[in-house]
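What follows is a set of notes on a single structure, which appears directly below.
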There are 2 protein chains.
Amino acid sequence: MRLAPLLLALLVSLPAAAQQPTRIPQAALDTAAQLRETALADDTGWKVTESLTTEVGPRMAGSEGDARAVAWAKAKFEELGFDRVWTEPVTFPKWERRGQSAEVLGPHSQKLVVIALGGSPGGTVEGQVVRFPDLESLEKAEPGSLKGKIAFIDYRMERKQDGSGYGMASRIRGGGPSAAIRAGAAAYVMRSAGTDNHRVAHTGGTRFAEGLTPIPSAALSNPDADQLARLLALDPSTRIRVSLDCGWNGEYTSQNVIGEITGASRPDEVVLIAGHLDSWDVGTGAIDDAAGIGITMAAAKLIAAAPQRPARSIRVVAFANEEQGLHGGFAYARAHTDELVKHAILAESDFGAGRIYGFDAGVADHAKGAIEQIAGALAPLGVEWMPGQGSAESDILPYTWAGAAWAWLGHDGTDYFDLHHTEDDTLDKIDPKVLAQNVAAYTVFTYLAASAEGDFGSSPERAHTPSW
Amino acid sequence: MRLAPLLLALLVSLPAAAQQPTRIPQAALDTAAQLRETALADDTGWKVTESLTTEVGPRMAGSEGDARAVAWAKAKFEELGFDRVWTEPVTFPKWERRGQSAEVLGPHSQKLVVIALGGSPGGTVEGQVVRFPDLESLEKAEPGSLKGKIAFIDYRMERKQDGSGYGMASRIRGGGPSAAIRAGAAAYVMRSAGTDNHRVAHTGGTRFAEGLTPIPSAALSNPDADQLARLLALDPSTRIRVSLDCGWNGEYTSQNVIGEITGASRPDEVVLIAGHLDSWDVGTGAIDDAAGIGITMAAAKLIAAAPQRPARSIRVVAFANEEQGLHGGFAYARAHTDELVKHAILAESDFGAGRIYGFDAGVADHAKGAIEQIAGALAPLGVEWMPGQGSAESDILPYTWAGAAWAWLGHDGTDYFDLHHTEDDTLDKIDPKVLAQNVAAYTVFTYLAASAEGDFGSSPERAHTPSW
């Protein structure tokens, strides 16, 4: 019995051990070095990002802006000279936000800045607020102990370069409402999952565990959470009114919009780079994720104009409805199940437009030398090779769970959660020079991955279940 | 004829020349040095500011919050142990804001963040936007040339330590609507008079010239002004809808709330220090001007607890309705016309809670030596004596126009207009340590001015008309 895991490990590792190492030819490295300089001086990424955020603006999945964004993306791929442009349908339940407000009741009456969480039902609730410092303490509340009350998780997200503070904050956003319901609460509010101190609350999707009746669930801006905490310290019987006008409304079919630059010698194999086309309804989705669309469209366009096209095709995917549950990513993985091995490697840019500082990849052992070569070509951009530090981002996750190789080009996220999912996510927050560095990094990676002799190990045998 | 001005100058200067120089006794300087250290370690200013912003919150003149603020101020003066506490009525027309929205119409449809200017009428206007880079260019527009259109002044305010960028920005806010009406416009929008890049628009009062029919007038947040400018560059026929629900609604009587610490030997003479109690309805009026209330209440309280009380009384005024036209300041000047010479000197803190970096005063020549002594006592706080650089602030202006001497304790305003008149003006923007420096500076100035032997020249003979 104890030998079984060892045998399995041997079986899995044998083919890799037998395989020739993947290598990047020197000619490709030379071209990539030129492309890197070209990209740093090019403003295509900026222009695409400006165009999407200005001409379309907000584009929440299922909204009128979603349809305009799909039309925009098709037109933009064509304008940029992609060889093939097409769409693939993505169907999902439609959630609508029509309005929201909150206020303190009684002698300290005042308005609170609040935003409904995506997936919340509508409704107006007045009740005493009970403050919890974290998710764990709310989860420990006695069933029924919050009957008629409003649960408030007052957890302040940590600022980190790699955005790791979002782990706990997003668990509170996703799991807080169900914990509140189990304790009997009539509504749920949380301190925004954000690191700023502006009066713009951070939205984002939540979910309700099976069998629970959803309750109105919303986030307060950080200054409003401060204020509510102070008022509760003065008077623990403080009551608020939360009024949300939002909810589910049927189904909607949007599109993953795809543009491809045809490879020179292995056109049926692809390197897939991506951003997501949808945004939340607040802000114009500049860092989340017009930047990702701008970076990847620009990288592919620069590669198309290179003196020597790479062997493989470059596929840029503008994913539909990332925000409400990776719907575009799951649709892509389902639609392309049988083509997994034709996808050499995938990378998505969905962490803003900060400087790219780190590089990592999830590839088979025989491809690690090629990854080291790519890391060397990225180093002049100030990008550090950080083996074991990165992970695939958002929409490409379902395909990586199916076994696809992935790369991580890590943006500096120190300020990302100042803006994420707020009204403040607008074009002015992006530095065009830093965005050009992002484009340069994606251009170098994509060109080299598409030029590699040998694969990166995409295979159904690498399929796995996500760890959470 | 040419001798007349010279004779007049002689007449005016003779009494001053004959007067003994005003001096601060050494004992007072010693006490002030102790008070300075006490104030730096004291948190009264912070606690008062926290209390007003938390327990009352927004308190626009004429609102329900205004009445609560008056009650709060009386109670707070009493709680702090002031010897006398009273109120004086201030009557003004009441302006109400009920709501506002704006959106781009047509193929680039999207919401714009907008806020009605104080004094604007309500109304909904749809029209083509005509952009002007500054007030002058709008003033030059041909009468009738903007018929049915919406005038947009896209002027970006400059960031300055002394806040001098506000001069032009506030002229645009005050004068833009009338210029727009003269050109025939149906509505007026402006880039916010603010230096931030957040989606919170800056309100503030406007006015309409005699004989003009007011039009809906509003400010866009800076990112929204950027967006509108980009859309106009793409398509000069861009149309927007502006919808304001606001307007005048009768009269309201609020109160100047006054607390006094009785002087030891000349109790009928006062040094008046002040902040204003009202705020705009957005934000909780932390930097504008709960800080001014906190600083001046704390300074007087610290002086009351000093081992040696100063000769003169310390009068702290929490002025009503500064924001909509210095109503509290004018009411005070009218009510105390006959007591001008009893007001030794006045100072108001109405420029936030940044570090106090400069000191200046408007006094008679015979008092300039005393001002230099006070400057010396302020120097250890990092406050520079800047003769000719300062000016009286807000509500004390009417009384200085009537001839009262004044002092300026200048706050660093580099970041002030990031927050001024927005939702973002909340307590978290104030650094308690810097606020204690502010309190220390006011304490030192006030104690020494109240201890001076001789006056600062307050006199009806110094009456003058404001320069604007």
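None of the figures in this text is laboratory data; all of them are computed from the coordinates on show. Fair warning: this is a prediction, and the values are worked out from it, not measured in the lab. FYI the Cβ positions are ideal-geometry reconstructions off the backbone, even for glycines, and counts take in every protein chain you see.
Here are some notes:
- Evaluated at q = 0.18, 0.21 Å⁻¹: base-10 log I(q)/I(0), Debye formula over Cα of the stretch A:121-209: -0.76, -1.00
- The spacing between the stretch A:448-468 and the stretch B:211-250, judged by their C-alpha centroids, is 52 Å.
- Each other copy holds its own label point for residue A:463; taking that point as 7 Å from Cα along Cα to Cβ, the gaps run 9.3 nm, nearest first.
- Per-residue Cβ neighbour counts within 10 Å put B:43, B:350 in the sequence B:43, B:350, beginning with the fewest.
- Geometric extent, Cα atoms of the stretch B:42-89 - Rg, Dmax (angstrom): 11.3, 33
- Calculated on the Cα set of the stretch B:359-423, radius of gyration then Dmax: 13.8, 45 Å.
- Shape of the stretch A:256-397, Cα gyration tensor, a/c cut at 1.5: rounded
- Using a Förster distance of 30 Å, the FRET efficiency for residue A:365-residue A:26 (Cβ separation, nearest 0.05): 0.85
- Computed from Cα positions, the angle between helix A:26-40 and the longest principal axis of chain A comes to roughly 40 degrees.
- Among residues of chain B, the one whose beta-carbon sits closest to the B-to-A rotation axis is listed with its distance in Å as B:198, 3.
- The same position residue B:210 in the other copies lies at 7.8 nm from this copy, comparing label points 7 Å beyond Cα toward the beta-carbon, shortest first.
- You can think of it this way: the chain between residue A:248 and residue A:124 has 43.0 nm of extra reach, that is 0.36 nm per residue less the Cα-Cα gap.
- Overall form of the stretch B:324-387: oblate. Here a/c, set by the Cα gyration tensor axes a ≥ b ≥ c, is 1.5 or more, and a/b is not larger than b/c.
- Spacing of the two label points (7 Å from each Cα toward its C-beta) at residue B:159 and residue A:391, in nm: 3.5 nm
- Using alpha-carbon coordinates, inclination of helix B:222-234 to the longest axis of chain B, degrees: 30 degrees
- With Cα atoms, 0 to 90° folded angle of helix B:4-18 axis to chain B main axis: 50 degrees
- Beyond 39 Å, the tail of the calculated P(r) for the protein assembly as shown holds 51 percent of the Cα pairs.
- Take residue A:372, push a point 7 Å out from Cα through the beta-carbon direction, and compare it with the same point in every other copy: 7.5 nm, smallest first.
- Separation of alpha-carbon centers, the stretch B:13-90 and the stretch A:300-362, rounded to whole Å: 62 Å
- Computed about its Cα centre, the charge dipole of the protein assembly as shown is approximately 580 debye, with only Lys, Arg, Asp and Glu carrying charge at their Cβ.
- Given charges at Cβ of Lys, Arg, Asp, Glu: chain A dipole, positive-most of A:249, A:135, A:303: A:135
- Average beta-carbon neighbours from other chains, 10 Å sphere, peptide A:282-293: 1
- Modelled spin-label separation between residue B:265 and residue A:171, with each label point placed 7 Å from Cα along the Cα-to-Cβ direction: 6.9 nm.
- From largest to smallest, the equivalent ellipsoid semi-axes obtained for the stretch B:96-247 from the alpha-carbon gyration tensor read 20, 18, 16 Å.
- Its residues counted as N, the stretch A:395-461 yields a C-alpha radius of gyration over 2.2 N^0.38 Å of 1.46.
- Inter-label distance for residue A:239 and residue A:379, nm, one decimal - labels placed 7 Å from Cα along Cα-to-Cβ: 6.7 nm
- Radius of gyration, Dmax [chain A; alpha carbons; angstrom]: 23.4, 76
- Report summary: the helix-based calculation at 222 nm, which adds -39500 (n - 2.57) for every DSSP H run with n ≥ 4 and divides by the residues of chain A, gives -10000 deg cm²/dmol.
- Interchain or long-range residues, amide H under 5 Å from residue B:356's placed H: B:412, B:438
- Charged side chains reduced to their Cβ positions (Lys and Arg at +1, Asp and Glu at -1) give the stretch A:316-375 a dipole of some 100 debye around its Cα centre.
- Ordering B:352, B:376, B:287 by Cα displacement along the dipole of the stretch B:278-386 toward the positive end leaves B:376 in first place; charges were set at the Cβ atoms of Lys, Arg (+1) and Asp, Glu (-1).
- Dipole-positive endmost among B:430, B:449, B:465 within the stretch B:392-468 (Cβ charges, Cα centre): B:449
- Magnitude of the charge dipole for the stretch B:250-312, about its Cα centre and with charges confined to Cβ atoms of Lys, Arg (+1) and Asp, Glu (-1), is about 500 debye.
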